[in-house]
Amino acid sequence: MRQTSGGGVADLPSPWWTPARHADVKPFLAARSAITRSIRGWFDEQGFTEVETGILQVSPGNETHLHAPRTELVRRDGRRMTRYLRTSPEFACKKLLTAGEAKIFEFARVFRDRERGDLHMPEFTMLEWYRANATYDAVMADSIVVIAHAAQATGIGRFSFRGKFADPFAEPELLTVAAAFERFAGIDLLESVADGKGDRDTLAAAAGQRVRVSDDDTWSDIFSKVLVEHVEPNLGQGRLTILFEYPVPEAALARLKPSEPRLAERFEVYACGVELANGFGELIDAREQRVRFTQAMDEKERRYGERYPLDEELLRAIAVMPEASGVALGFDRLVMLASGALRIDQVVWTPPAGDA
């Protein structure tokens with residue numbers, strides 16, 4: 001209960017730690033524990049090593065639209081150092097691959113500013129794993145197995161979210177990004193990609209009848225609008241969808257496809273229109289990675305007036321890292337679907353501070 005500005009009393013939901021509210025979500029939390037045990041067991045059977053990497057990082061990640069909380073550490077001599085709460089354990093895990101680890105996974109606590117909703121929280125759990133000397137087809141297959149193990153752990157027959165359904169045990173749909181844009185938006189996406197770049201005007205002309213295009217929208221902005229508005233709602237219907245072969249402007253930390261330089265070895269897994277996992281055949285060209293990071297930070301500074309430093313240790317590690325592939329999976333989202341919860345905050349033990 002609280003006092004309103006007019007002197008009346010308004011009802012507010014009781015805090016999450018009250019016994020009644022905790023009892024409501026206890027079945028979802030029990031499901032979370034069962035899923036965690038099952039997935040840990042599977043990774044152990046496959047010979048993976050579970051790792052724990054540091055949360056405070058020199059750089060939290062270098063993607064334009066990711067925002068990280070920051071803090072300061074004080075040295076013994078009083079000097080202050082800026083550090084960031086990681087948005088992913090990816091940088092640290094890649095250093096471990098360079099150090100000689102071959103198959104690793106982590107249930108990592110990660111942090112992102114400007115994110116809150118039924119599918120987003122500022123602090124959440126990312127399940128990441130990496131295989132050295134493996135193609136991204138291998139971790140793509142891992143993703144389907146991990147999702148099925150979650151469903152087996154709870155006994156759920158199908159996932160559902162906002163009126164959409166997906167069978168986690170059915171053969172997944174394999175769909176290239178280009179095919180998805182053609183099918184759901186009538187856009188020839190690769191016509192706007194050449195020489196490692198996206199032609200903004202070509203894509204704007206093709207997408208103008210499908211999404212609202214602003215004068216300052218970049219190629220990636222237009223791509224994201226079409227993806228979110230027309231493609232993603234149609235993915236993971238009836239069964240899981242693996243969306244793969246992303247165009248090179250959206251490569252992020254993925255290597256290019258050897259047979260088609262307009263495409264990158266990147267994939268995402270969807271269920272019920274919900275993105276669950278994002279995987280790469282990892283880029284090990286440190287020079288190219290520096291270029292991509294710098295371009296992303298230039299764009300972040302233009303849009304948001306801030307940029308994050310590059311992790312020079314990471315770039316040195318990438319230069320000698322073995323070929324590898326890896327996946328980042330939103331563990332809370334997976335638990336939500338596998339337990340039948342309606343919102344992501346129902347499947348975490350302690351929802352974010354300040355939430356009702």
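Yes/no matrix, rows are residues, columns are (1) in contact with a strand residue (DSSP E or B) (Cβ under 6 Å, 6 or more places away or on another chain); (2) at pLDDT 95 or above:
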residue: TYR136; (1), (2): yes, no
residue: ALA141; (1), (2): no, yes
residue: ALA148; (1), (2): no, yes
residue: GLY155; (1), (2): no, yes
residue: PHE165; (1), (2): no, yes
residue: ALA185; (1), (2): no, yes
residue: ASP188; (1), (2): no, yes
residue: LEU203; (1), (2): no, yes
residue: GLY208; (1), (2): no, no
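Filtering the stretch 138-163 to residues that are more than 20 Å from SER33 (Cβ to Cβ), of a type outside the set (A, V, I, L, M, F, W, C) and free of Cβ contacts under 8 Å to residues at least 12 places away in the same chain leaves GLY157, ARG158, GLY163. Anything in the stretch 197-223 that is free of Cβ contacts under 8 Å to residues at least 12 places away in the same chain, outside any helix (DSSP H, G or I) and among the hydroxyl-bearing types (Ser, Thr, Tyr)? List them, or say none. SER214 - this is the single residue of the stretch 197-223 that is free of Cβ contacts under 8 Å to residues at least 12 places away in the same chain, outside any helix (DSSP H, G or I) and among the hydroxyl-bearing types (Ser, Thr, Tyr). Considered as a group, the residues in the stretch 245-293 that are without any contact (Cβ under 8 Å) to a residue 24 or more places away in the chain and part of a helix (DSSP H, G or I) include one that is farthest from the chain's Cα centre (by Cα), and that residue is ARG287. Residue count for the stretch 231-240, restricted to those that are out of contact with any Gly (no Cβ under 9 Å at 6 or more places or on another chain) and either among the hydrophobic types (A, V, I, L, M, F, W, C) or under 22 Å from ARG262 (Cβ atoms) (or both): 2. I'd like the residue in the stretch 233-266 that is among the small types (Gly, Ala, Ser) and surrounded by fewer than 17 Cβ atoms within 10 Å (Cβ to Cβ) and, out of all such residues, is farthest from PRO322 (Cα to Cα). It comes out as GLY238. Considering ALA296, ALA317, ALA271, ALA328, the condition of being under 24 Å from GLU123 (Cβ atoms) and out of contact with any strand residue (DSSP E or B) (no Cβ under 8 Å at 6 or more places or on another chain) is satisfied by ALA296 alone.
The values are calculated or read from the model by the stated rules, or taken from the named source; none is laboratory data. All values derive from a computational prediction rather than experimental measurement. Neighbour counts are summed over all protein chains in view; Cβ atoms, including those assigned to glycine, are modelled from backbone coordinates with ideal geometry.
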